[in-house]
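The values are calculated or read from the model by the stated rules, or taken from the named source; none is laboratory data. None of these values were measured; they are calculated from a predicted model. Positions of Cβ are generated from backbone atoms using ideal geometry, with glycine treated the same way; all protein chains shown enter the neighbour counts.
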Amino acid sequence: MELISIISGAVAAFAFGSIWYMVLSRPWMKASGLTETEMKRKNPTPFIIAFVCVLIVSFMMQYLQAQLVVLDPIQGTLTGLAVGLFIVVPWVATNYTFGRRPKSLILIDGTYAAVGCGIIGAVQGFF
């Protein structure tokens, strides 16, 4: 059951990320300093790495929620949002600030991280 919840959470967060970055593709590209031409080059590596990373996050979320005895999707969502907002986003903001990245990129990527963790938590709360 744990493996199914880990994979399901990762797939759900990855799917959300696909939609999130499609909707925000132009502001994200501008903030990242990338062009449409650069983004249209066929390179599966970033997608593979992104999925492996979200799978790792989902694995750790499963472990954390087991330790906290999270029993339902609402508790899972709140746990995930807390992890995203109070652990992941501060790291993203710190790294991006030192890297002189635009605040808009912190907002776009940080929001994805927080909501993505919430989604993972919600999905895992069903199991």
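Report, ordered by the first and then the second residue, all pairs with beta carbons closer than 9 Å, sequence separation of six or more or different chains, a first member in the range 60-71 that is farther than 12 Å from Val83 by Cβ and among the β-branched types (Val, Ile, Thr), and a second member that is surrounded by 11 or more Cβ atoms within 10 Å (Cβ to Cβ) and modelled with pLDDT of 95 or more.
The qualifying pairs are Val69/Gln75.
Identify, please: which residue in the range 16-50 is of a type in the set (D, E, K, R) and more than 26 Å from Thr97 (Cβ to Cβ) and is, among those, surrounded by the fewest Cβ atoms within 10 Å (Cβ to Cβ)?
Ranking the candidates gives Lys42 first.
Among the residues of the range 76-89, are any at pLDDT below 95 and among the hydrophobic types (A, V, I, L, M, F, W, C)?
no
Looking at the range 36-69, which of its residues are modelled with pLDDT under 95 and touching a Ser or Thr at 6+ places or on another chain (Cβ under 9 Å)?
Selection gives Glu36, Met39.
Listed residues Leu85, Leu105; which is surrounded by 14 or more Cβ atoms within 10 Å (Cβ to Cβ) and out of contact with any Gly (no Cβ under 9 Å at 6 or more places or on another chain)?
Leu105
Scan the range 95-127 for residues that are of a type in the set (Val, Ile, Thr) and under 18 Å from Trp28 (Cα atoms) and jot them down.
Within the range 95-127, Thr97, Ile106, Ile108, Thr111, Val115 qualify.
With respect to the numbered conditions (1) over 15 Å from the mean Cα position of the chain (by Cα); (2) under 22 Å from Phe126 (Cβ atoms); (3) loosely packed, with under 15 Cβ neighbours inside 10 Å, which one is the sole condition not fulfilled by Val70?
For Val70, the exception is condition (3).
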